[in-house]
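Please read the structure below before turning to the comments.
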Amino acid sequence: MLKKVGAAGTVAAGLGLAPVVSRSASLNDGTPTSATVSFGSWKTPLDKFTTLPPPSANHHRLTPMTVSIEAGGTVNFIISGLHLVEVHADGTQPGDINTSLLILPPPGVMLPPLINDPHRRIYRGLDPRALLPTLDRVEVVHFANPGTYLVICAVLPHFLDGQFGFVRVLPTQHGD
Ligand SMILES: [Cu+2]
């Protein structure tokens, strides 16, 4: 009996369980250090099992439109559909994006143009055209410094339809 308890204790110590609990408590000051954004979503009713959905089956929005995290935190973009995640530097507004700079699809290919404005762009995600037909994915972006960052979908018709939002990165509250 005593031998069994001792073995279990050894296993727990080896996994480092106690330090993990202690660390998460020290970071819990009320401001999230990560946030999740739904980057496009599938409308219902829909059956993706057998058919590649048409563009009209997707809701081209960021949900929520604005999230707040602490500096050093992350945003988990959960991407559903043919979208291209881009983050632009602190203070960029949607009107600053030059929508005349485009990557056009090859002749005869029925795909939308992609915005290609590198000005103040600090992150660009995977080219969704290369991912067809399996578009749904996650991209996690790290934000080191405070600021208000514009996030857009660089698929031209989506951006023009209002698929953008903001990440507010607040100064770190905890001391470590
Ligand atoms: Cu999009």
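General observations
- Near pairs, Cβ below 6 angstrom, 6+ apart or cross-chain, from region 139-165 (near the ligand (Cβ under 9 Å from one of its atoms)) to any residue that is aromatic (F, W, Y): I152/F159; I152/F164; C153/F159
- Where a residue in region 33-48 is on the phi > 0 side of the Ramachandran plot and its partner, wherever it lies, is open to solvent by 70 Å² or more (accessible area, probe 1.4 Å) and part of a loop (DSSP other than H, G, I, E, B), with Cβ under 6 Å and at least six apart: none
- Just one of the listed residues (T99, T148) is open to solvent by 20 Å² or more (accessible area, probe 1.4 Å), under 18 Å from the mean Cα position of the chain (by Cα) and among the polar types (S, T, N, Q), and it is T148.
- Filtered residue count, region 44-86, keeping only those that are open to solvent by less than 40 Å² (accessible area, probe 1.4 Å) and within 14 Å of the ligand (Cβ to nearest atom): 14
- Whichever residue in region 117-130 is of a type in the set (A, V, I, L, M, F, W, C) and either in contact with a Cys (Cβ under 7 Å, 6 or more places away or on another chain) or in contact (Cβ under 8 Å) with a residue 12 or more places away in the chain (or both) and, among such residues, is nearest to the ligand (Cβ to nearest atom): L126
- P94 falls short on exactly one of the conditions (1) over 20 Å from P55 (Cα atoms); (2) surrounded by fewer than 13 Cβ atoms within 10 Å (Cβ to Cβ), and that condition is (2).
The values are calculated or read from the model by the stated rules, or taken from the named source; none is laboratory data. Here the structure is a predicted model, which is why all the values come from computation and not from measurement. We place every Cβ from the backbone using ideal geometry, glycine too, and count neighbours over all the protein chains shown. SASA here: full protein model, heavy atoms, side chains in, ligands and nucleic acids out. Shrake-Rupley method; radii C 1.70, N 1.55, O 1.52, S 1.80 Å.
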